[in-house]
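Q: Let me give you the structure first, and then I'll get to my questions.
What follows draws every value from the coordinates through simple rules; no lab data is involved. These numbers were taken from a predicted model, which means no experiment stands behind them. All Cβ positions, even for glycine, are placed from backbone atoms using ideal geometry, and neighbour counts span all protein chains on display.
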Amino acid sequence: MTILVTGGTGYIGSHTAVELIERGYEVIIADNLSNSSESVLDRIEEITGVKPKFYLIDLTEREPTEKIFEENKIDAVIHFAGLKAVGESWQKPALYYRNNITSSVVLAEVMAEHGCKKLIFSSSATVYGEPKSVPISEDFPLSTTNPYGTTKLMIEKIYTDLATSDKEWNITLLRYFNPIGAHKSGLIGENPNGIPNNLMPYIVKVAAGELYQLSVFGNDYPTPDGTGVRDYIHVTDLALGHVASIEKMTEPGVHIFNLGTGKGYSVLEIVNAFEKVNGVKVPYVITARRPGDIPMCYANPDKAKSELGWETKLGLEDMCRSAWGYAVNKLKK
Ligand code: WQD
């Protein structure tokens, strides 16, 4: 089977490409390199022995997207490509709507024209907004609090309408919780440009001495230690959730799954685990809450377990050790 992975030089896309290649799939990557580097293709080759065919394209443009399908017989698409920084989406909402929505619609139109109607979409737990309770199940109410999250929700609705109007579509919406960690080789990992927005890449840069200290955004939440609780999932477990979706996506229609561990950890629990596992210090200071943050968010992962036969295998220690291992590997270069 040939799988087109859009955003495949990015964090989750590259880890998924590795797992697919190692299971015998042919992987083609399309990316605009706006938040990643073409050198990731060489890292994928170092890990798997295979360098994926690569298209440097802007997926909002129809012609280059059509070229991929004219030159290759694509059996299914995993659509990761998109802008994903919550804070930036408030600074540039029009860019986020144009880029994320237009690319998702152009992709689906071109797929349909070429008879390819198997699509996995990279969605996010952010579509649940502030949940009324935890753990969160797929049938919980949906609401969003920022343009980034709203693009994810809108694309879910667009794809759901496609599947309603054309029964041949087989669409899987995967709602990720908080992916962290890196491939066990230390060759690929999370490598955001500039100052990280997310917790783990920020912790890594503080431990590496690249940033002075971590700001813990509030310790007055209604949580066990007052700091925010999230469902952190190892990026390799997340990648394997996509493999399971490809293997199980036999029935047409729309299939929705949470990809999380079902366990929540607080900011301070993550800091302490990272320090203990890696023998490093992560100085921090408690600061004000970050606008838009919610107190607690973690998954009920039962549906993915029962219908995909998928569950997470890697724990917090693996997540912390691999995140640091990737950073140390980069520092050596
Ligand atoms: C986690 C916890 C912060 C940074 C976002 C998106 C979500 C997904 C994952 C794309 C929170 C705290 C963080 C820091 C801190 N992205 N924190 N200091 O906000 O749960 O989710 O990223 O799909 O859609 O919404 O992740 O890592 O930013 O924050 O105290 O410097 O760490 O308050 O409690 P978040 P995060």
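Q: Among 94, 163, 125, which is farther than 17 Å from residue 249 by Cβ and touching a strand residue (DSSP E or B) at 6+ places or on another chain (Cβ under 8 Å)?
A: 125 is the lone residue from the list that is farther than 17 Å from residue 249 by Cβ and touching a strand residue (DSSP E or B) at 6+ places or on another chain (Cβ under 8 Å).
Q: What's the total number of residues in the stretch 177-235 that are outside any loop (DSSP other than H, G, I, E, B), of a type in the set (Ser, Thr, Tyr) and in contact with a helix residue (DSSP H, G or I) (Cβ under 7 Å, 6 or more places away or on another chain)? It would help to see each step written out before you state the result.
A: Narrowing the stretch 177-235 to residues outside any loop (DSSP other than H, G, I, E, B): 178-180, 199-207, 214-217, 229-230, 232-235.
With the extra rule that they be of a type in the set (Ser, Thr, Tyr), the set shrinks to 202, 215, 232.
Filter again for in contact with a helix residue (DSSP H, G or I) (Cβ under 7 Å, 6 or more places away or on another chain), leaving 232.
So the answer is 1.
Q: For the stretch 101-122, give me the residue count where each residue is in contact with a strand residue (DSSP E or B) (Cβ under 9 Å, 6 or more places away or on another chain), of a type outside the set (Phe, Trp, Tyr) and not in a loop (DSSP other than H, G, I, E, B).
A: Of the residues in that region, 9 qualify.
Q: Can you tell me which of 168, 210 is without any contact (Cβ under 8 Å) to a residue 60 or more places away in the chain and either acidic (Asp, Glu) or near the ligand (Cβ under 10 Å from one of its atoms) (or both)? Walk me through how you get there before you give the answer.
A: On the way: 168 fails: without any contact (Cβ under 8 Å) to a residue 60 or more places away in the chain.
None of the other options fit; the residue is 210.
Q: For residue 79, which of the numbered conditions (1) over 30 Å from residue 293 (Cβ atoms); (2) in contact with a strand residue (DSSP E or B) (Cβ under 9 Å, 6 or more places away or on another chain); (3) in contact (Cβ under 8 Å) with a residue 12 or more places away in the chain fails to hold?
A: Of everything listed in (1) over 30 Å from residue 293 (Cβ atoms); (2) in contact with a strand residue (DSSP E or B) (Cβ under 9 Å, 6 or more places away or on another chain); (3) in contact (Cβ under 8 Å) with a residue 12 or more places away in the chain, residue 79 misses just condition (1).
Q: Follow-up question, since we're still on this one. All but one of (1) out of contact with any strand residue (DSSP E or B) (no Cβ under 6 Å at 6 or more places or on another chain); (2) among the small types (Gly, Ala, Ser); (3) in contact (Cβ under 8 Å) with a residue 12 or more places away in the chain hold for residue 266; which doesn't?
A: If we test residue 266 against (1) out of contact with any strand residue (DSSP E or B) (no Cβ under 6 Å at 6 or more places or on another chain); (2) among the small types (Gly, Ala, Ser); (3) in contact (Cβ under 8 Å) with a residue 12 or more places away in the chain, just (1) comes out false.
Q: Provide a single number: the residues in the stretch 297-333 that are part of a helix (DSSP H, G or I), closer than 15 Å to residue 260 by Cβ and within 17 Å of the chain's Cα centre (by Cα).
A: Result for the stretch 297-333: 2.
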